[in-house]
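Reviewing the structure listed below.
The values are calculated or read from the model by the stated rules, or taken from the named source; none is laboratory data. These figures come from a predicted structure and were not determined experimentally. Here the Cβ is made from the backbone with ideal geometry for all residues, glycine too, and neighbour counts use every protein chain on show. The protein model used for the area step is the full one, side chains on, heavy atoms only, and it has no ligands, DNA or RNA in it. Shrake-Rupley method; radii C 1.70, N 1.55, O 1.52, S 1.80 Å.
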Amino acid sequence: MIDIENVSKWYGDFQVLKDCTSQVTQKEVVVVCGPSGSGKSTLIKCVNGLEPVQQGRIVVDGADITAKGTDLTALRARIGMVFQHFELYPHMTVRENLCLAQEKVLKRSRDEAVSRAELFLDRVGLSEHIDKHPGQLSGGQQQRVAIARSLVMDPIVMLFDEPTSALDPEMINEVLDVMVELAKEGMTMMVVTHEMGFAKKVADRVIFMDEGAIVEDRSTEDFFGNPESDRAKDFLSKILNH
Amino acid sequence: MTDFDFGVIWTSLPFLWEGLQLSLWLTFLAVIGGIVLGTLLTLARLSGILPLALIAAGYVNLIRSVPLILVIFWFYFLVPLVLGRPVGSFYSALIAFVLFEAAYYSEIMRAGIQSVAKGQKFAGQSTGLGYWQIQRHIILPQAFRNMIPILVTQGIILFQDTSLVFVVSLRDFMTTSSIVARTEGRLVEMYVFAALVYFVICFTGSVLVKRMRDRMAT
Ligand SMILES: Nc1ncnc2c1ncn2[C@@H]1O[C@H](COP(=O)(O)OP(=O)(O)OP(=O)(O)O)[C@@H](O)[C@H]1O
Ligand SMILES: [Mg+2]
């Protein structure tokens, strides 16, 4: 489903990604973790072409994101993305947030878009908030709306970039619950997160990054059971003791 | 020194009102035109299409380095040359104001657009929206909301600047006041009155701006 082949990326002289290679197959849930600044966000942004790469290839569902002439907008419409800071549109209601791309990109009628918005809002448990603005919702609610905004587009894969790290502790679970639910339904997911509980519960694989390189890429059991690299051991001991 | 006679103001009111109308009308049209053209200039500058961006940036920098009064002169003489017929000083002044203000509005707007978080663009892109759709539905509405107070402030400055149109013999409020002052020989009264009118209009405007700022801060 997602094929990352020898990807390198630079910001000026600084190499953010170093020869990264990995795959995510259909219905797989892959967690990406690693210390701050290791390039996790950059990697996941490259997967839907929000950031260009200078070397290597990324293929999503058979389409080469990194090739010149690829219709990025059409491809992105099928790749859902959830951000650390939600990025709901503050000047629109929840309903408009959920309908905009359905109408403009998928050319759905207003009625169709609204009924899908209602369906997915219901799934994340926020039906009664459809007429509110994002500013009137709590962080956890905003993030659930953001997830619904991606789901209404019928994505073939969902990308998450630290979806819970901007949330107050008591709101983290309401968002993770939605994500666990999605994983169980067979959604293909690539999730940058430090929530190791979530990783253990639903991830098929864990990718560990350090200084722009993929240091470990193994099954969840192996990763937590016997991490190979010292960096991963170090990282795990710090994060699990919290 | 003669006694003050504010009666001349009363008798000249219709004439002065015509001048004020011209000032307000010119301000209004120039603000609208300036915002429209300024938005286009800004979009050109941020479009990432290099020739377009360079031309727009060159234009903005050129206009911002010459005095307004010069631009008004240029267009008074240039526009009839280009069109091959006179257009009247009102339209040439209006064109000058729109072209001049657009450069300033463009600067304000660029700051406004850059004030919208980069993540908003990413969010739009990640749902498959194109560049123009993102600008139209996501970035510009937020940028405008952030910018309204500065846009109104710029409008107030523009209103004061309309007094420059006397150089192309347009009868704005300042000009009509001067005419009354000289013909009636009532300089002090007329200029006090003119100052008062400018003050009331501009002060009302800035109170409005302050209100908006306070409302947005909460
Ligand atoms: N636009 C940019 N220009 C220059 N350097 C950047 C840019 N974006 C990120 N970087 C740098 O690239 C490196 C990787 O950033 P990235 O955001 O991918 O890290 P991360 O693993 O997501 O970290 P975090 O856990 O803090 O989110 C960092 O050193 C960062 O400073
Ligand atoms: Mg990050």
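Annotations
- If you go through the range B:173-189 and keep only what is farther than 17 Å from B:LEU22 by Cβ and open to solvent by less than 20 Å² (accessible area, probe 1.4 Å), you end up with B:ALA181, B:GLU189.
Residue-wise test of (1) closer than 25 Å to B:PHE166 by Cβ; (2) touching a residue at least 24 places away in the same chain (Cβ under 8 Å); (3) hydrophobic (A, V, I, L, M, F, W, C).
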| position | (1), (2), (3) |
| --- | --- |
| B:THR42 | no, yes, no |
| B:ARG45 | no, yes, no |
| B:ALA56 | no, yes, yes |
| B:TYR76 | yes, yes, no |
| B:LEU83 | yes, no, yes |
| B:GLY88 | yes, no, no |
| B:TYR91 | yes, no, no |
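- Criterion (out of contact with any Gly (no Cβ under 9 Å at 6 or more places or on another chain), open to solvent by 20 Å² or more (accessible area, probe 1.4 Å) and within 16 Å of ligand 1 (Cβ to nearest atom)) met by exactly one of A:GLU195, A:GLU185, A:GLU181: A:GLU195
- Residues of the range A:108-130 satisfying the condition of being open to solvent by 10 Å² or more (accessible area, probe 1.4 Å) and within 14 Å of chain B (Cβ to nearest Cβ): A:ARG108, A:ARG116, A:PHE120
- All of (1) within 13 Å of chain B (Cβ to nearest Cβ); (2) within 13 Å of the chain's Cα centre (by Cα); (3) outside any loop (DSSP other than H, G, I, E, B) hold for A:ALA74 with one exception: (2).
- Contact map, the range A:146-172: residues that are away from chain B (no Cβ under 13 Å) and open to solvent by 10 Å² or more (accessible area, probe 1.4 Å) paired with residues that are within 16 Å of ligand 1 (Cβ to nearest atom) and in a loop (DSSP other than H, G, I, E, B), Cβ distance under 6 Å, separation 6+ or inter-chain. Pairs shown: A:SER165/A:GLN84; A:ILE172/A:THR164.
- Test: B:SER169 is surrounded by fewer than 21 Cβ atoms within 10 Å (Cβ to Cβ) and on the phi > 0 side of the Ramachandran plot: yes
- Scanning the range B:95-116 for residues that are more than 12 Å from B:LEU46 (Cβ to Cβ) and open to solvent by 20 Å² or more (accessible area, probe 1.4 Å) turns up B:ILE95, B:VAL98, B:LEU99, B:TYR104, B:GLU107, B:ILE108, B:SER115.
- Comparison of A:ASP234, A:ASP210, A:ASP230 shows that the only residue that is away from every other protein chain (no Cβ under 14 Å) and more than 16 Å from ligand 1 (Cβ to nearest atom) is A:ASP230.
- Residues of the range A:34-72 classified as in contact with a helix residue (DSSP H, G or I) (Cβ under 7 Å, 6 or more places away or on another chain) and in contact (Cβ under 8 Å) with a residue 40 or more places away in the chain, total: 7
- Matching residues in the range A:21-40 - criterion: being crowded, with 19+ Cβ neighbours inside 10 Å, within 15 Å of ligand 2 (Cβ to nearest atom) and at negative phi: A:VAL31, A:VAL32, A:CYS33, A:SER38, A:LYS40
- Only one of B:VAL192, B:VAL200 that is closer than 13 Å to B:LEU24 by Cβ, without any contact (Cβ under 8 Å) to a residue 40 or more places away in the chain and of a type in the set (A, V, I, L, M): B:VAL200
- Count of the range B:133-152 residues, restricted to those that are open to solvent by 30 Å² or more (accessible area, probe 1.4 Å) and modelled with pLDDT under 90, is 6.
- Members of the range B:28-63 found to be surrounded by fewer than 16 Cβ atoms within 10 Å (Cβ to Cβ) and at pLDDT below 90, listed by number: B:SER47, B:GLY48, B:ILE49
- Sole residue being within 16 Å of ligand 1 (Cβ to nearest atom) and more than 20 Å from B:GLN120 (Cα to Cα), chosen from A:LYS40, A:LYS9, A:LYS45: A:LYS9
- Residue in the range A:53-61 that is within 16 Å of ligand 1 (Cβ to nearest atom) and closer than 27 Å to A:MET196 by Cα present: yes
- Counted residues, the range A:160-212 - those being assigned to a loop (DSSP other than H, G, I, E, B) and more than 16 Å from ligand 2 (Cβ to nearest atom): 7
- Within the option set A:VAL105, A:VAL82, A:VAL94, being facing chain B (nearest Cβ under 8 Å), within 24 Å of B:GLN142 (Cα to Cα) and crowded, with 18+ Cβ neighbours inside 10 Å holds for one residue only, A:VAL105.
- Screening B:LEU83 with (1) within 14 Å of chain A (Cβ to nearest Cβ); (2) open to solvent by 70 Å² or more (accessible area, probe 1.4 Å); (3) more than 30 Å from A:LEU151 (Cα to Cα) gives one miss only, at (1).
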